[in-house]
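Novice: Starting off with a structure, shown below.
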Amino acid sequence: MRIRFVCQLALVGAVAALLAGCGGSTPGQPSPAPSSSPAAEPMLAPKVAQPLTNTAPYEADPCSALPISEIEKVGGKVKGTSIAESIVGKSCQWTFDGSTGNVSGGFYSGNKLGLNSLYLENRDGHLSLFQPHAPVEGYPAVVYGAGDEGKGSCALAVGVRDDLTYTVNTQLRSGNPALADPCKMAEQIAAAEITRLKAAS
């Protein structure tokens, strides 16, 4: 589970010198890619019409982005939280009671290509799953995977600015009420976060 989590975090920032892929000789360890800049890459993703600019506090402290009550609405009682760091930024992991899995969410500010990074990864054949998702509260989104999809798993990236995503990853197990549709949980969490940001702007 941890290897998959690290790979997904790294994947979001794969273009722009963040990694060449998670499938190298050492699982979960990104390898360097040639330097690139956002301006050098074509814009394949939908542009964000109303960028959210008040994300800085939550980039630094992702667990403050949403109250635990919002997570418990969709996944059951949360027994604890922790912060994970990767080359693309920090995320908060909420662990559910009763060994029913976890969900994480974070703004990956190290990925300056935002949602477009996934479109470029898909263009280059690095993704095993790439599904443009209906906009979440008006913001473009993609469900993606890199060969590690499975029951209870969903990775959803939402473009909140052209250079920033809010990404939700689920790892659900038996007993979790969202097990049958983990992407719905991911969408609900992302929608709650975006709604909160829009209200505070």
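The values are calculated or read from the model by the stated rules, or taken from the named source; none is laboratory data. On a predicted model such as this, the values are computed, not experimentally measured, just so you know. We place every Cβ from the backbone using ideal geometry, glycine too, and count neighbours over all the protein chains shown.
Novice: Output the number of the condition that K73 fails; it satisfies all remaining conditions of (1) surrounded by fewer than 17 Cβ atoms within 10 Å (Cβ to Cβ); (2) in contact with a strand residue (DSSP E or B) (Cβ under 9 Å, 6 or more places away or on another chain); (3) part of a helix (DSSP H, G or I); (4) not hydrophobic (A, V, I, L, M, F, W, C).
Specialist: Against the list (1) surrounded by fewer than 17 Cβ atoms within 10 Å (Cβ to Cβ); (2) in contact with a strand residue (DSSP E or B) (Cβ under 9 Å, 6 or more places away or on another chain); (3) part of a helix (DSSP H, G or I); (4) not hydrophobic (A, V, I, L, M, F, W, C), K73 comes up short only on (2).
Novice: Could you please tell me which pairs satisfy a Cβ distance under 6 Å, a separation of 6+ or placement on different chains, a first residue in segment 74-94 that is farther than 20 Å from M185 by Cα and among the aromatic types (F, W, Y), and a second residue that is loosely packed, with under 15 Cβ neighbours inside 10 Å and at pLDDT below 95?
Specialist: Sorted first by the residue in segment 74-94, then by its partner, the list stays empty.
Novice: Out of all the residues in segment 41-70, which are among the hydrophobic types (A, V, I, L, M, F, W, C), closer than 25 Å to P132 by Cβ and surrounded by 16 or more Cβ atoms within 10 Å (Cβ to Cβ)?
Specialist: A45, V48, L52, A65, L66 - these are the residues of segment 41-70 that are among the hydrophobic types (A, V, I, L, M, F, W, C), closer than 25 Å to P132 by Cβ and surrounded by 16 or more Cβ atoms within 10 Å (Cβ to Cβ).
Listed here are the residues, each with its yes/no results for (1) under 21 Å from E137 (Cα atoms); (2) hydrophobic (A, V, I, L, M, F, W, C); (3) modelled with pLDDT under 95.
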| site | (1), (2), (3) |
| --- | --- |
| K47 | yes, no, no |
| L52 | yes, yes, no |
| P62 | yes, no, no |
| L66 | yes, yes, no |
| V78 | no, yes, no |
| G89 | no, no, yes |
| N111 | no, no, yes |
| Y119 | yes, no, no |
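Novice: Restricting attention to segment 138-151, which residues are buried (at least 19 other Cβ atoms within 10 Å of the Cβ), in contact with a helix residue (DSSP H, G or I) (Cβ under 7 Å, 6 or more places away or on another chain) and over 17 Å from G106 (Cβ atoms)?
Specialist: Answer for segment 138-151, where residues must be buried (at least 19 other Cβ atoms within 10 Å of the Cβ), in contact with a helix residue (DSSP H, G or I) (Cβ under 7 Å, 6 or more places away or on another chain) and over 17 Å from G106 (Cβ atoms): just A146.
Novice: Quick one: L127 ticks every box in (1) assigned to a strand (DSSP E or B); (2) in contact with a helix residue (DSSP H, G or I) (Cβ under 6 Å, 6 or more places away or on another chain) except a single one, so which number is it?
Specialist: Here L127 meets the rest and fails (1).
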